[in-house]
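Report on one structure; see the data block that follows.
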């Protein structure tokens, strides 16, 4: 029986530069939170935990965890999400709500890398490490201990490069962030199905 891999979607930010919480931002008729959950599920993560903060998120069959310390930055949300996963999860894929162009295939590739023996797998785009990130359970405590301020897994990954397996995902999607209204317009134009964009 394959190991159970959980998913964590970080969706707690206020979106100060966007003018509204990122989790609630609509993209092609779907909130960024809903898109992130669909990404993780389609990639094979189950169960999925959504970490909220600035705004509540209610999605069917999703365990939402409110991070009361969300103003401190991503680190506290990273910790809250991993801590909320059930004991049966052997690893977790952590994704960001504000990167809606990441493809479900990236999650599948990270899980496949784990099943092939990688304890830490990071999606890379043209060789550059970005998100999502998979962490085996035995590394959660150490990663949480280093996640302070507005960083999640990055300090742990930099402290333990020998553990990291880079998984190229440049052909599966893009790690473009949505931080400003201009970003939202640009990402909307890049969505598969948009005229002029290959699907």
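Only the coordinates and a few stated rules stand behind these numbers; no lab work does. Since the model is a prediction, treat every value here as computed from it, not as a measurement.
Could you tell me what fraction of 2.2 N^0.38 Å the Cα radius of gyration of the stretch 4-190 comes to, as a two-decimal ratio? Working shown, then result.
On the way: Rg = 14.9 Å, N = 187, 2.2 N^0.38 = 16.1 Å.
Rg over 2.2 N^0.38 Å, computed on Cα atoms: 0.93.
Dividing the alpha-carbon Rg of the stretch 20-125 by 2.2 N^0.38 Å yields what?
Dividing the Cα radius of gyration by 2.2 N^0.38 Å gives 1.05.
Just need the Rg to Rh number for the stretch 95-142, please, alpha carbons only, Kirkwood Rh.
0.97
Can you tell me how the stretch 48-95 classifies by the Cα gyration tensor, rounded, prolate or oblate, using a/c under 1.5 as the rounded cut? Let's see the in-between values first.
Details: a/c = 2.28, a/b = 1.25, b/c = 1.83.
The shape class here is oblate.
Once all Cα-Cα distances of the stretch 87-199 are split into 10 Å bins that start at 0, what whole-number percent is in each one?
14, 42, 31, 12, 1
Output the antiparallel fraction of DSSP beta bridges having both residues in the chain, as a percent to the nearest 5.
Rounded to the nearest five, the antiparallel share is 35 percent.
Can you give the calculated 222 nm mean residue ellipticity of the chain, where each DSSP H run of n ≥ 4 adds -39,500 (n - 2.57) and the sum is split over every residue, rounded to the nearest 500 deg cm²/dmol? Working shown, then result.
Values: 6 runs with 57 residues, N = 199.
Roughly -8500 deg cm²/dmol at 222 nm, from the helical runs in the chain.
Let me make sure I get this right: for the stretch 12-82, a, b and c are the square roots of the gyration tensor eigenvalues over alpha carbons, sorted descending. Under 1.5 in a/c it's rounded, otherwise prolate if a/b > b/c, else oblate. Which is it?
Note, shape of the stretch 12-82 comes out oblate.
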